[in-house]
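To keep things clear, I will list the structure first and then write my remarks on it.
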Amino acid sequence: QVQLVESGGGLVEAGSSLRLSCSVSGGTFDRYAVGWFRRAPGKERKFVAGIKWNDGKSTYGDSVKGRFAISRDNAQSTVYLELNSLTPEDTAEYYCAAGLLHGEAVSWNYWGPGTQVTVSS
């Protein structure tokens, strides 16, 4: 069974950076994607970034492209999300997710409990 655990959230000032970590376990991930989503209060959950485990190819949501960076450490079984140039609009609960690839689509079947990121103005 796949298990995901996020860490690294917290309260930060606008313009600063955070590095979130997602520890993954429970299987091999060559056929998986791992990604980050976020949900701000009163808003829908949004896709932030995703990465294919096997080749490291990544994709980003429009709102974070150019500011955030996703990466993975295969040996450590960890996916990172670097959040740069943070603004209060980035305040949200951030979730790590994983799922099997089928074509270019992903079934996001596994989710971590989330970690809160709050950006003060």
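The values are calculated or read from the model by the stated rules, or taken from the named source; none is laboratory data. Please read all numbers here as calculations on a predicted model, not as lab measurements. Here the Cβ is made from the backbone with ideal geometry for all residues, glycine too, and neighbour counts use every protein chain on show. Just the protein is used for accessible areas: all its heavy atoms, side chains included, with ligands, DNA and RNA removed. Shrake-Rupley method; radii C 1.70, N 1.55, O 1.52, S 1.80 Å.
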Taking every alpha carbon pair in the chain and sorting the distances into 10 angstrom bins from 0 up to the bin holding the longest one, the percent per bin comes out as 14, 50, 29, 6, 0
Residue-ordered couplings for segment 47-62, obtained by feeding phi - 60° into the Karplus form 6.51 cos²θ - 1.76 cosθ + 1.60 and rounding to whole Hz (Gly and Pro as x), are 6, 10, 7, x, 9, 7, 5, 6, 10, x, 5, 10, 9, 9, x, 4
The set of residues whose placed amide H lies less than 5 Å from the amide H of Y32, leaving out same-chain residues fewer than 5 positions away, is W53, N54, L101
Segment 15-34 scanned against label point 7 Å out from D73 along Cα→C-beta; backbone N under 14 Å for 19-24
Per-residue accessible area, 1.4 Å probe, largest first, puts D90, D62 in the order D62, D90
Under the Karplus relation with 6.51, -1.76 and 1.60 and θ = phi - 60°, whole-Hz ³J(HN,Hα) for segment 20-33, x at Gly and Pro, equal 8, 10, 10, 8, 10, 8, x, x, 8, 10, 4, 9, 10, 10
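Give, rounded to the nearest 20 debye, the magnitude of the charge dipole that segment 14-121 has about its Cα centre when Lys and Arg contribute +1 at Cβ and Asp and Glu contribute -1 at Cβ.
80
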For segment 1-59, the per residue accessible area (1.4 Å probe, Å²) is 57
